[in-house]
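To keep things clear, I will list the structure first and then write my remarks on it.
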(Lines give C-alpha, C1' and ligand atoms only; values in the text may rest on other atoms or scores of the structure.)
Protein backbone atom coordinates (compact mmCIF):
# COMPACT_ATOMS: atom_id res chain seq x y z
CA UNK A 1 0.00 0.00 0.00
CA UNK A 2 2.49 2.67 1.20
CA UNK A 3 6.24 2.34 0.68
CA UNK A 4 8.70 4.96 1.90
CA UNK A 5 12.21 4.42 0.57
CA UNK A 6 15.37 6.13 1.82
CA UNK A 7 13.56 9.41 2.52
CA UNK A 8 15.78 12.41 3.31
CA UNK A 9 13.98 15.68 4.13
CA UNK A 10 15.11 19.11 5.30
CA UNK A 11 13.32 22.31 6.17
CA UNK A 12 12.98 24.24 2.92
CA UNK A 13 15.36 27.03 3.94
CA UNK A 14 18.06 24.40 4.52
CA UNK A 15 18.43 25.26 8.20
CA UNK A 16 17.81 21.73 9.46
CA UNK A 17 17.63 18.18 8.15
CA UNK A 18 14.84 16.19 9.80
CA UNK A 19 14.44 12.82 8.06
CA UNK A 20 17.58 10.80 7.47
CA UNK A 21 17.06 7.87 5.15
CA UNK A 22 13.72 6.77 6.57
CA UNK A 23 12.41 3.51 5.13
CA UNK A 24 8.99 2.11 6.03
CA UNK A 25 6.29 -0.11 4.50
CA UNK A 26 2.63 -0.12 5.49
CA UNK A 27 0.81 -3.08 3.94
CA UNK A 28 -2.75 -3.06 2.65
CA UNK A 29 -5.19 -3.31 5.54
CA UNK A 30 -2.46 -2.82 8.15
CA UNK A 31 -2.53 -0.49 11.13
CA UNK A 32 1.03 0.64 11.73
CA UNK A 33 1.95 2.77 14.75
CA UNK A 34 4.92 5.11 14.87
CA UNK A 35 6.29 6.08 18.27
CA UNK A 36 9.33 8.09 19.23
CA UNK A 37 10.63 10.97 21.31
CA UNK A 38 9.95 14.63 20.60
CA UNK A 39 11.97 15.85 17.63
CA UNK A 40 12.35 12.43 16.03
CA UNK A 41 10.53 13.52 12.85
CA UNK A 42 7.16 11.81 13.32
CA UNK A 43 4.98 14.80 12.47
CA UNK A 44 7.32 15.87 9.68
CA UNK A 45 6.84 12.46 8.10
CA UNK A 46 3.06 12.90 8.15
CA UNK A 47 3.32 16.39 6.64
CA UNK A 48 5.64 15.24 3.87
CA UNK A 49 3.33 12.36 2.93
CA UNK A 50 0.37 14.75 2.74
CA UNK A 51 2.35 17.36 0.77
CA UNK A 52 2.54 20.23 3.27
CA UNK A 53 4.80 23.00 1.90
CA UNK A 54 7.95 24.12 3.68
CA UNK A 55 10.03 20.97 3.26
CA UNK A 56 12.70 20.01 0.75
CA UNK A 57 12.89 16.40 -0.41
CA UNK A 58 16.60 15.65 -0.73
CA UNK A 59 16.27 12.00 -1.71
CA UNK A 60 13.91 9.05 -1.62
CA UNK A 61 10.42 8.05 -2.70
CA UNK A 62 6.96 7.71 -1.21
CA UNK A 63 4.96 5.18 -3.20
CA UNK A 64 1.21 4.71 -2.87
CA UNK A 65 0.20 1.57 -4.73
CA UNK A 66 3.47 1.89 -6.66
CA UNK A 67 2.99 5.54 -7.68
CA UNK A 68 5.40 8.19 -6.37
CA UNK A 69 3.15 10.73 -4.66
CA UNK A 70 6.04 13.17 -4.17
CA UNK A 71 5.36 14.19 -7.76
CA UNK A 72 1.73 15.12 -6.89
CA UNK A 73 0.22 18.31 -5.50
CA UNK A 74 -1.51 17.99 -2.10
CA UNK A 75 -5.01 17.93 -3.64
CA UNK A 76 -3.92 15.18 -6.02
CA UNK A 77 -2.57 13.12 -3.10
CA UNK A 78 -5.89 13.55 -1.32
CA UNK A 79 -7.80 12.42 -4.41
CA UNK A 80 -5.43 9.43 -4.70
CA UNK A 81 -6.47 8.33 -1.22
CA UNK A 82 -4.18 10.06 1.31
CA UNK A 83 -5.87 11.50 4.42
CA UNK A 84 -4.11 13.35 7.25
CA UNK A 85 -5.81 13.94 10.60
CA UNK A 86 -3.95 16.82 12.23
CA UNK A 87 -2.73 17.00 15.81
CA UNK A 88 -4.45 20.37 16.21
CA UNK A 89 -7.26 20.81 13.64
CA UNK A 90 -7.79 24.43 12.62
CA UNK A 91 -10.90 26.51 13.10
CA UNK A 92 -12.04 28.09 9.83
CA UNK A 93 -14.59 30.83 10.56
CA UNK A 94 -16.86 31.70 7.65
CA UNK A 95 -16.69 28.22 6.11
CA UNK A 96 -19.81 26.22 6.94
CA UNK A 97 -19.09 22.64 7.98
CA UNK A 98 -21.64 21.13 5.59
CA UNK A 99 -20.40 23.26 2.70
CA UNK A 100 -16.85 22.11 3.36
CA UNK A 101 -17.81 18.43 3.58
CA UNK A 102 -19.82 18.51 0.36
CA UNK A 103 -17.07 20.40 -1.51
CA UNK A 104 -14.46 17.85 -0.36
CA UNK A 105 -16.59 14.89 -1.40
CA UNK A 106 -17.38 16.40 -4.79
CA UNK A 107 -13.72 17.24 -5.44
CA UNK A 108 -12.87 13.57 -4.93
CA UNK A 109 -15.74 12.43 -7.11
CA UNK A 110 -14.71 14.78 -9.92
CA UNK A 111 -11.10 13.58 -9.68
CA UNK A 112 -12.36 10.02 -10.09
CA UNK A 113 -14.43 11.01 -13.11
CA UNK A 114 -17.73 10.48 -11.27
CA UNK A 115 -20.82 12.66 -10.97
CA UNK A 116 -21.13 14.97 -7.98
CA UNK A 117 -23.22 13.73 -5.09
CA UNK A 118 -26.84 14.88 -5.00
CA UNK A 119 -27.87 16.90 -1.96
CA UNK A 120 -30.38 14.35 -0.52
CA UNK A 121 -27.79 11.56 -0.77
CA UNK A 122 -25.14 13.81 0.77
CA UNK A 123 -27.38 14.72 3.71
CA UNK A 124 -28.24 11.08 4.33
CA UNK A 125 -24.59 10.00 4.36
CA UNK A 126 -23.47 12.84 6.62
CA UNK A 127 -26.24 12.32 9.14
CA UNK A 128 -25.57 8.60 9.43
CA UNK A 129 -21.81 9.07 9.82
CA UNK A 130 -22.34 11.91 12.30
CA UNK A 131 -24.70 9.80 14.42
CA UNK A 132 -22.11 7.02 14.56
CA UNK A 133 -19.54 9.49 15.91
CA UNK A 134 -21.78 11.34 18.34
CA UNK A 135 -21.66 14.54 16.28
CA UNK A 136 -24.75 16.67 16.86
CA UNK A 137 -26.73 18.41 14.15
CA UNK A 138 -25.82 21.68 15.90
CA UNK A 139 -22.12 20.99 15.26
CA UNK A 140 -22.85 20.43 11.58
CA UNK A 141 -24.52 23.84 11.36
CA UNK A 142 -21.49 25.76 12.68
CA UNK A 143 -18.41 27.05 10.94
CA UNK A 144 -15.78 24.36 10.47
CA UNK A 145 -14.40 23.50 13.93
CA UNK A 146 -15.50 26.92 15.26
CA UNK A 147 -16.14 26.70 19.00
CA UNK A 148 -15.49 22.96 19.04
CA UNK A 149 -13.75 21.25 21.93
CA UNK A 150 -10.62 19.22 21.23
CA UNK A 151 -12.65 16.02 21.17
CA UNK A 152 -15.26 17.51 18.84
CA UNK A 153 -12.56 18.64 16.40
CA UNK A 154 -11.10 15.13 16.34
CA UNK A 155 -14.53 13.57 15.80
CA UNK A 156 -15.08 15.97 12.92
CA UNK A 157 -11.85 14.76 11.29
CA UNK A 158 -12.96 11.14 11.65
CA UNK A 159 -16.27 12.17 10.03
CA UNK A 160 -14.31 13.59 7.09
CA UNK A 161 -12.37 10.34 6.89
CA UNK A 162 -15.56 8.29 6.87
CA UNK A 163 -17.04 10.36 4.04
CA UNK A 164 -13.91 10.50 1.86
CA UNK A 165 -13.04 6.81 2.29
CA UNK A 166 -9.24 7.19 1.86
CA UNK A 167 -6.83 4.35 1.18
CA UNK A 168 -4.17 5.46 3.69
CA UNK A 169 -5.18 7.35 6.86
CA UNK A 170 -2.47 9.15 8.81
CA UNK A 171 -3.36 10.09 12.39
CA UNK A 172 -0.84 12.60 13.73
CA UNK A 173 -1.06 12.38 17.53
CA UNK A 174 -4.83 12.32 17.34
CA UNK A 175 -4.95 11.58 21.09
CA UNK A 176 -3.49 15.00 21.99
CA UNK A 177 -5.78 16.92 24.30
CA UNK A 178 -8.44 14.21 24.53
CA UNK A 179 -9.96 13.02 27.77
CA UNK A 180 -10.66 9.32 28.11
CA UNK A 181 -14.28 9.55 26.91
CA UNK A 182 -13.37 11.52 23.78
CA UNK A 183 -10.48 9.14 23.12
CA UNK A 184 -12.85 6.18 23.20
CA UNK A 185 -15.30 7.84 20.80
CA UNK A 186 -12.58 8.81 18.32
CA UNK A 187 -10.97 5.37 18.52
CA UNK A 188 -14.29 3.62 17.94
CA UNK A 189 -14.78 5.78 14.84
CA UNK A 190 -11.35 4.80 13.54
CA UNK A 191 -11.92 1.12 14.26
CA UNK A 192 -15.19 1.15 12.30
CA UNK A 193 -13.21 2.32 9.27
CA UNK A 194 -10.62 -0.47 9.46
CA UNK A 195 -10.85 -2.73 6.42
CA UNK A 196 -8.78 -5.03 4.25
CA UNK A 197 -8.40 -2.25 1.67
CA UNK A 198 -7.56 0.64 4.00
CA UNK A 199 -4.31 1.19 5.89
CA UNK A 200 -3.55 3.41 8.87
CA UNK A 201 -0.37 5.12 10.05
CA UNK A 202 -0.94 6.07 13.69
CA UNK A 203 1.58 8.51 15.16
CA UNK A 204 1.59 8.76 18.94
CA UNK A 205 3.79 9.27 21.99
CA UNK A 206 1.75 7.09 24.27
CA UNK A 207 0.60 3.50 24.62
CA UNK A 208 -2.87 4.56 25.81
CA UNK A 209 -4.12 5.29 22.27
CA UNK A 210 -2.94 1.87 21.16
CA UNK A 211 -5.12 0.24 23.82
CA UNK A 212 -8.08 1.38 21.71
CA UNK A 213 -6.63 1.37 18.19
CA UNK A 214 -4.65 -1.86 18.39
CA UNK A 215 -1.82 -1.83 15.83
CA UNK A 216 -0.54 -4.70 13.75
CA UNK A 217 2.99 -3.30 13.84
CA UNK A 218 4.89 -0.69 15.86
CA UNK A 219 7.86 1.30 14.55
CA UNK A 220 10.21 3.37 16.67
CA UNK A 221 11.59 6.58 15.16
CA UNK A 222 14.65 8.43 16.39
CA UNK A 223 16.71 11.13 14.70
CA UNK A 224 14.72 10.96 11.50
CA UNK A 225 14.66 7.26 10.79
CA UNK A 226 13.07 4.01 11.92
CA UNK A 227 15.39 2.28 14.40
CA UNK A 228 13.25 -0.69 15.44
CA UNK A 229 10.06 -2.43 14.36
CA UNK A 230 7.97 -5.06 16.08
CA UNK A 231 4.51 -6.16 17.11
CA UNK A 232 2.07 -4.40 19.43
CA UNK A 233 4.06 -5.58 22.45
CA UNK A 234 6.82 -3.15 21.45
CA UNK A 235 4.55 -0.26 22.48
CA UNK A 236 4.26 -1.75 25.97
CA UNK A 237 8.03 -1.99 26.17
CA UNK A 238 8.36 1.66 25.23
CA UNK A 239 5.77 2.68 27.82
CA UNK A 240 7.70 0.82 30.50
CA UNK A 241 11.27 1.72 29.54
CA UNK A 242 11.10 4.93 27.51
CA UNK A 243 13.13 5.81 24.43
CA UNK A 244 16.63 6.17 25.89
CA UNK A 245 18.01 2.98 24.33
CA UNK A 246 16.72 3.88 20.86
CA UNK A 247 17.97 7.46 21.01
CA UNK A 248 21.49 6.20 21.72
CA UNK A 249 21.21 3.56 18.98
CA UNK A 250 20.30 6.26 16.44
CA UNK A 251 23.17 8.55 17.38
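Residues being out of contact with any helix residue (DSSP H, G or I) (no Cβ under 8 Å at 6 or more places or on another chain), more than 25 Å from residue 183 (Cβ to Cβ) and part of a loop (DSSP other than H, G, I, E, B): count how many of those fall in the range 102-151.
Residues meeting the conditions: 3.
Quick grid of which residues meet (1) exposed (fewer than 14 other Cβ atoms within 10 Å of the Cβ); (2) under 24 Å from residue 81 (Cβ atoms):
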| residue | (1), (2) |
| --- | --- |
| 8 | no, no |
| 31 | no, yes |
| 42 | no, yes |
| 67 | yes, yes |
| 70 | no, yes |
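Can you name the residue in the range 189-222 that is surrounded by fewer than 19 Cβ atoms within 10 Å (Cβ to Cβ) and modelled with pLDDT under 85 and, of all such residues, is nearest to residue 2 (Cα to Cα)?
Step by step, filter the range 189-222, then rank; the result is 205.
Looking at the range 166-193, which of its residues are under 28 Å from residue 28 (Cα atoms) and without any contact (Cβ under 8 Å) to a residue 24 or more places away in the chain?
Within the range 166-193, 191 is the sole residue that qualifies.
Please verify whether residue 144 is under 17 Å from the mean Cα position of the chain (by Cα) and under 24 Å from residue 46 (Cα atoms), treating the condition exactly as stated.
Numbers: under 17 Å from the mean Cα position of the chain (by Cα): no; under 24 Å from residue 46 (Cα atoms): yes.
Here the answer is no, as residue 144 does not meet what is asked.
Over 14 Å from the mean Cα position of the chain (by Cα), surrounded by 15 or more Cβ atoms within 10 Å (Cβ to Cβ) and outside any loop (DSSP other than H, G, I, E, B), is that true of residue 49?
no
Pick from 180, 158, 117, 135: which is more than 19 Å from residue 84 (Cβ to Cβ) and crowded, with 20+ Cβ neighbours inside 10 Å?
After applying the criteria, what remains is 135.
If we scan the range 85-94, do we find a residue that is over 19 Å from residue 107 (Cβ atoms) and surrounded by 15 or more Cβ atoms within 10 Å (Cβ to Cβ)?
yes
Kindly evaluate residue 70 against the criterion of being in contact with a strand residue (DSSP E or B) (Cβ under 6 Å, 6 or more places away or on another chain), assigned to a helix (DSSP H, G or I) and free of Cβ contacts under 8 Å to residues at least 24 places away in the same chain.
yes
The values are calculated or read from the model by the stated rules, or taken from the named source; none is laboratory data. Just so we're clear, the structure is a prediction, and the values are computed from it rather than from any experiment. No Cβ is skipped: glycine too gets one built from the backbone with ideal geometry, and neighbour counts run over all protein chains shown.
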